[in-house]
Every structure is written in C-alpha cells, then in structure tokens.
Amino acid sequence: MQNTIKDDIGIEGVGLHNAKKVRLTFRPAPPDTGIVFIRVDKGVEIPARIENVVRSEREITLERDGVRICTVEHILAALAGLGIDNVCIEIDQDEPPVVDGSSLPFCEAILKVGITSTDLPKKEISPQNPIWVEEEGKSISILPDQSLRITYSIEFPYPDVGFQSASFRITPEVFLAEIAPARTFGFLDEIRPLQEKGFFKGGSLDNAIVITKDGILNKEMRFRDEPVRHKILDLIGDVSLIGSIKGHIVATRSGHGLNIRFAKRVKGLIEGVMDINGIQRLLPHRYPFLLVDRIVEMEKGRIVGVKNVSYNEPFFMGHFPGEPIMPGVLLIEAMAQVGGILFLSAFNKGMAYLAEIERVRFRRPVVPGDQLLVEVLMLRVRQNIAKMGARIYVDNSIVAEAEFTLSRPRETK
Ligand code: ZN
C-alpha cells in the first residue's frame, strides 16, 4: 500500500556543493502525489520524476519551469528505502542540506514522526525480462525478482577502496541498518579541482569520506565497505525517479549518469514513450514498410526505438527461402524511420527523405525472433536537414551502424 509520513518534519543545514544555509520541510501528501519538491522561494513545484532530470554527472539535478533543485539523491534514497511513496518537500534553496553525507538523518527524522499507510496499492515496476545498459566498462542491469535486490561492484585504484562488492535485498529494515548510514565519498586529488569549479564547497570530513592514495582522512569508517554501500544508496535514490521497482539490479562501476540512462531504459521498455498509434500519427509509413513498433526513449538529440522481427515479415519469403535474413537496406530504413520520428517530432508531422548514407557496417545477420533496439543520435540539424548517427543492437551487441542524412521537402501549398 502507498505510504506517507504522519506529520511535518523540519531539517536545516548547508548544501554539499553550494554551502548555502537551507531549510527543508517534509509534509504528508495524499496517494498518487509522488515525491514533489516545492521551491517556496520561487513558488515552483518540481516532481521527482525522471523526465525532470537535467543533470546527472556528479549528482542529480531536477528542473521545472527554469527552476532547479540539485543533489536530491540522498533524500530520494531515504524515502524509497523506507518505502514512502507520497510526500511534499518544501525547500527555500536550490540544494538540500547534506547533513552527514548519508541518508540516515533523513530516515531518523522520518521515523521520529512515523509512517502511515493508505488503502491504495503501490504502483510497482517489475520487468519480466532482463534489461541492461553499459558504457566504457560500466554496466547496470535488472533481472526479474520477487522484490528489490541490489548487487553492486566498484573498483577504484586507492589502497583503502580497491575492489568492493555487496549484495542486499532491500527492505526498510535492511536499508536503515546497512545502507542509509553509508556516507558519500570523494578522492582528495579530484575534490580540489572540482572545488575550483564550484562543487563540494560545503564538503568536509563531517559529511564526506575523503580518500587519498595514502589512506582515508576520516577518523572512522561506518562500514569496512562503506563506499560500495553508498553507491547502493545513490542507486536506490536514482532509480526511485521512475517509481517503486521490483527486480534484481546488478551494477558494475556505475554512477549517476549511467543509473539515469538505465532508469530511462527500464521505464521506456515497460511503459514506452510512444506507441504504434503515436508513431503512425508522425510517420506516413504503413505495413509492410513501417519498421518501428515502439519508441522507448526520446530526449533532446537522442531516440531509441524497438522493432520486433517476426517470422511473418513479408521480406523473409524471398530473402532467403529456407534461410531468412533481414535485408541490410531495411536495417538502414529502420534507422531512418526512428531518426525521422526524432526529426519530425519538432514539426509535429510531415515527410523526411533519406538524402545520404555513409559509414555503413553490417556486423551480423538479423533473423526472425530478433528484437532490434535502434538508437539514433542527432549529429547536426539545420532547418530541413538532419545528420544522424545510428546503431542497431540485438541482445546488447551491435548488428548494424551507419550515419545518414534526412531531408525535409520544402513546404508545398
Ligand atoms: Zn551520494
């Protein structure tokens, strides 16, 4: 059932990055509200939802109507970890208090007033198939499971960190005892240059573990493997932006940026961002020449579409009898259609023609049963011309890649 807090909670402190004094008040909220930040100094509500994430390199920043709130992940983790679904968080600054660098002070404040349940069921996201994303030796995936479990591995070239791996089934009790107390951490040689750029201005040994090649500057660690536990805490906060998740998440060297990409992928694959009806409103293509079933991610300059390749595709009849292989040119067509949706969505509809293709590589045949994940990036756009780069994946390996140009015909009367 959906939960909220029993009463108001006030917390004061300074922001980790901006070091400004800030006052924050949690207030109970009715079912289906979700987690909503309210910038009382600006009069703007910012729901903690993935579509409002505008920055995720070092921390999570949310924005709505040009108003931002940054470094929200430790609060989100506290709420998700304790299973709280609905709460309004009033704040008079653009960054919440860092407190001790963990989620524990938020959890303790919440437990002091207590949690109350409603009679409306939680909305849970529970993938039925594995989903994963990876980049540059980092990866994160989810496997079906009865409840939320997280397995995380990190590796940093510092003697006191090295390789750490931990796995927990996340219940409120486990979260409170094993994860919430784990503090944020940084490496001294990285912190100094970041401070010059305006980060970690409120950071100190009271709210962060500071690691050097020669050892850890803090007097005590709360856990021998506190850094990996903090990564689990961050991940719980990050993925809560798509809701309450059921499944076994396995992360290797992931961080906020990849966590957010992963969360978008999970949400997109489960809920979709555009279905076949939406696609047909935008594209003039129809069966048997519509080569995209669903759009699962769309943001500025990037789109991901899905095409399920069935044995009944008409081209398999002759290409080739007894050994069906999807024609390479149709893979290019699928890329162009997905790219066309990104391009045309700016104009609401219309036509776009392929004007040029280059750097085409086919890496392995596509056969009946394959699910194509078509990722297209906008490389350059100039009025009626869009240059794009695309990759098609099957089971996370590239089957085809290309660059192409789409051109929109001039408007005719
Ligand atoms: Zn963190």
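Worth a mention:
- Residue within the stretch 99-107 that is part of a loop (DSSP other than H, G, I, E, B), open to solvent by 10 Å² or more (accessible area, probe 1.4 Å) and of a type in the set (A, V, I, L, M) present: yes
- Here the condition is being open to solvent by 80 Å² or more (accessible area, probe 1.4 Å), in contact with a strand residue (DSSP E or B) (Cβ under 8 Å, 6 or more places away or on another chain) and not in a strand (DSSP E or B); of Arg364, Arg359, it holds for Arg364 alone.
- Which listed residue is away from the ligand (no atom under 14 Å from the Cβ), in contact with a strand residue (DSSP E or B) (Cβ under 8 Å, 6 or more places away or on another chain), farther than 30 Å from Arg302 by Cα and open to solvent by 10 Å² or more (accessible area, probe 1.4 Å), from Glu220, Glu173, Glu196, Glu178: Glu178
- Residue count, the stretch 75-84 (criterion: more than 16 Å from the ligand (Cβ to nearest atom) and either on the phi > 0 side of the Ramachandran plot or touching a helix residue (DSSP H, G or I) at 6+ places or on another chain (Cβ under 6 Å) (or both)): 2
- The set of residues from the stretch 202-217 being surrounded by fewer than 16 Cβ atoms within 10 Å (Cβ to Cβ) and either within 11 Å of the ligand (Cβ to nearest atom) or on the phi < 0 side of the Ramachandran plot (or both) comprises Ser204, Leu205, Asp206, Thr212, Lys213, Asp214, Leu217.
- Boolean, Glu190 is among the acidic types (Asp, Glu) and either more than 21 Å from the chain's Cα centre (by Cα) or at negative phi (or both): yes
- Leading residue by the ranking (farthest from the ligand (Cβ to nearest atom)) among those in the stretch 223-252 that are among the aliphatic types (A, V, I, L, M) and closer than 18 Å to Val72 by Cα: Ile242
- The stretch 45-69: number of residues that are away from the ligand (no atom under 15 Å from the Cβ) and open to solvent by 40 Å² or more (accessible area, probe 1.4 Å): 9
- Restricting Val87, Val72, Val36 to those that are within 16 Å of the ligand (Cβ to nearest atom), buried (at least 16 other Cβ atoms within 10 Å of the Cβ) and in contact (Cβ under 8 Å) with a residue 24 or more places away in the chain reduces the list to Val72.
- Residues that are among the aliphatic types (A, V, I, L, M), touching a helix residue (DSSP H, G or I) at 6+ places or on another chain (Cβ under 8 Å) and modelled with pLDDT of 90 or more occur at least once in the stretch 182-199.
- Comparison of Arg68, Arg23, Arg27, Arg39 shows that the only residue that is basic (Lys, Arg) and under 20 Å from the mean Cα position of the chain (by Cα) is Arg68.
- Lys123, sole failed condition from (1) within 16 Å of the ligand (Cβ to nearest atom); (2) within 25 Å of the chain's Cα centre (by Cα); (3) open to solvent by 20 Å² or more (accessible area, probe 1.4 Å): (1)
- Per-region count, the stretch 154-167, residues within 22 Å of the chain's Cα centre (by Cα), crowded, with 18+ Cβ neighbours inside 10 Å and either modelled with pLDDT under 95 or small (Gly, Ala, Ser) (or both): 1
- Of the strands (runs of 3 or more DSSP E) lying entirely inside the stretch 24-94, those containing at least 1 residues that are over 21 Å from Ile9 (Cβ atoms) and of a type outside the set (Asp, Glu) span 44-47, 53-55, 61-64, 67-69.
- Residues of the stretch 90-114 that turn out to be among the small types (Gly, Ala, Ser) and within 13 Å of the ligand (Cβ to nearest atom), as a count: 3
- Cβ pairs under 6 Å, 6+ apart, first in the stretch 1-19 and closer than 22 Å to Ser244 by Cα and in a loop (DSSP other than H, G, I, E, B), second acidic (Asp, Glu) and open to solvent by less than 50 Å² (accessible area, probe 1.4 Å): Gln2/Asp85
- Some residue of the stretch 131-153 being surrounded by 12 or more Cβ atoms within 10 Å (Cβ to Cβ), under 17 Å from Phe185 (Cα atoms) and in contact with a Ser or Thr (Cβ under 8 Å, 6 or more places away or on another chain): yes
The values are calculated or read from the model by the stated rules, or taken from the named source; none is laboratory data. Because the structure is a prediction, the values reported are computed rather than measured. Ideal geometry is used to build each Cβ from the backbone, glycine not excepted, and the neighbour counts take in all protein chains shown. Surface accessibility is based on the protein's heavy atoms, side chains included, excluding ligands, DNA and RNA. Shrake-Rupley method; radii C 1.70, N 1.55, O 1.52, S 1.80 Å.
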